[in-house]
Amino acid sequence: MTLTSLRSSVRGLYEGATPSGVRFRYALLAFDIVTVLFIIATSFLPPSEIIETLDVLFGMLLLADFSARLLVGRHPFRKFRQIATWADMVAIVSFLAPLAGEAGGFLRILRTLGLLRDYQMLARLRIDSSFFRRNEEVIFAVTNLAVFIFVMTGIVYETQKFRNNEIHNYADALYFTVTALTTTGFGDITLPGTLGRLITVVIMIFGVTLFFNLARALLSPSKVRFPCPACGLQRHDADAVHCKACGTVLNIPDEGAT
């Protein structure tokens, strides 16, 4: 098999609309979810040989996925201009060399967010899942908030574990992150020094913003994504008959009465 034919075959899996390509991308999504659950679960457990072996296994799979994406990319070197690419590289290193910093693995959660924002995956989820169509905005808001919480938890733990007697494990770092994000501020755990104060400020400002974004998504009227054929307005009420912008009659598909 030549490099050209290999690249074409792999590109069909990552970008094609064939049944095998769709199944492959769903498998990648499932793998990302399993990876994130593994990262979260093992962060609260003491190091062991089993966990380190699984770290290496996940790291090899992530490296294979990362290499395949570079192989099929039309402009692979442009990917290194993206923050997500560097986050993936840090996560892969943290899996393959756990002693270099376990918290870097938390950046792997960004991979799930990137996959959900892939155009083809979004289109497939909208076709296949009525739940996703009804709750797309909420799903993204929850994902963004979860990404922020666990990345900041990793940063808090890595920067404080050797200098802060109040941060003993990831549970302590997660507890501080959530109390700072909600501005509860019990005061039983604080981050000393200029760096600690800056991290706290970042958690409070960005965390509150993401939290309110989630609240808005939960409380605002449910919308569906359906482009108006006349003016192009993308989102409408689920039971809309006419476009609010131009009045064009819409034909929004639904599942019927429940």
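The values are calculated or read from the model by the stated rules, or taken from the named source; none is laboratory data. Quantities reported herein were computed from a predicted structural model and do not represent experimental measurements. Don't worry about glycine lacking a Cβ; one is built from the backbone with ideal geometry, like all the others, and counts go over all protein chains shown. Side chains included, ligands, DNA and RNA excluded: accessible areas come from the protein's heavy atoms. Shrake-Rupley method; radii C 1.70, N 1.55, O 1.52, S 1.80 Å.
Values as computed for the structure displayed
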{"item": "Odd one out for Ser94, checked against (1) crowded, with 19+ Cβ neighbours inside 10 Å; (2) at pLDDT 80 or above; (3) of a type in the set (Gly, Ala, Ser)", "result": "(2)"}
{"item": "Matching residues in segment 98-126 - criterion: being at pLDDT 75 or above and either touching a Cys at 6+ places or on another chain (Cβ under 9 Å) or surrounded by 15 or more Cβ atoms within 10 Å (Cβ to Cβ) (or both)", "result": "Met121, Leu122, Arg124, Leu125, Arg126"}
{"item": "Flag for Ala17 being within 22 Å of Met121 (Cβ to Cβ) and at pLDDT 85 or above", "result": "no"}
{"item": "Helices (runs of 4 or more DSSP H) fully within segment 127-236 counting 3 or more residues that are at pLDDT below 90 and over 30 Å from Leu45 (Cβ atoms)", "result": "130-160, 193-219"}
{"item": "Residue within segment 57-74 that is at pLDDT 85 or above and of a type in the set (Phe, Trp, Tyr) present", "result": "yes"}
{"item": "Residue within segment 69-80 that is touching a residue at least 60 places away in the same chain (Cβ under 8 Å), among the aromatic types (Phe, Trp, Tyr), surrounded by fewer than 12 Cβ atoms within 10 Å (Cβ to Cβ) and closer than 30 Å to Glu158 by Cα present", "result": "no"}
{"item": "Phe212, sole failed condition from (1) more than 27 Å from the chain's Cα centre (by Cα); (2) open to solvent by 80 Å² or more (accessible area, probe 1.4 Å)", "result": "(1)"}
{"item": "Qualifying residue in segment 2-11 (condition: out of contact with any strand residue (DSSP E or B) (no Cβ under 9 Å at 6 or more places or on another chain) and open to solvent by less than 30 Å² (accessible area, probe 1.4 Å))", "result": "yes"}
{"item": "Segment 28-47, residues that are open to solvent by 60 Å² or more (accessible area, probe 1.4 Å) and either among the β-branched types (Val, Ile, Thr) or under 20 Å from Leu63 (Cα atoms) (or both)", "result": "Ile33, Val34, Leu37"}
{"item": "Thr177 of a type in the set (S, T, N, Q) and touching a Ser or Thr at 6+ places or on another chain (Cβ under 6 Å)", "result": "yes"}
{"item": "Filter result for Leu218 (of a type outside the set (S, T, N, Q), open to solvent by 70 Å² or more (accessible area, probe 1.4 Å) and under 22 Å from the mean Cα position of the chain (by Cα))", "result": "yes"}
{"item": "Residues being touching a residue at least 24 places away in the same chain (Cβ under 8 Å) and crowded, with 17+ Cβ neighbours inside 10 Å - total across segment 14-27", "result": "3"}
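Residue-wise test of (1) in contact (Cβ under 8 Å) with a residue 12 or more places away in the chain; (2) touching a Lys or Arg at 6+ places or on another chain (Cβ under 8 Å); (3) open to solvent by less than 30 Å² (accessible area, probe 1.4 Å).
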site	(1), (2), (3)
Glu49	no, no, no
Met60	yes, no, no
Gln82	no, no, no
Ala87	yes, yes, yes
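Quick grid of which residues meet (1) in contact (Cβ under 8 Å) with a residue 60 or more places away in the chain; (2) open to solvent by 40 Å² or more (accessible area, probe 1.4 Å); (3) touching a strand residue (DSSP E or B) at 6+ places or on another chain (Cβ under 8 Å); (4) over 15 Å from Tyr157 (Cβ atoms):
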| site | (1), (2), (3), (4) |
| --- | --- |
| Asp172 | no, no, no, no |
| Gly187 | no, yes, no, yes |
| Pro227 | no, yes, no, yes |
| Gln234 | no, yes, yes, yes |
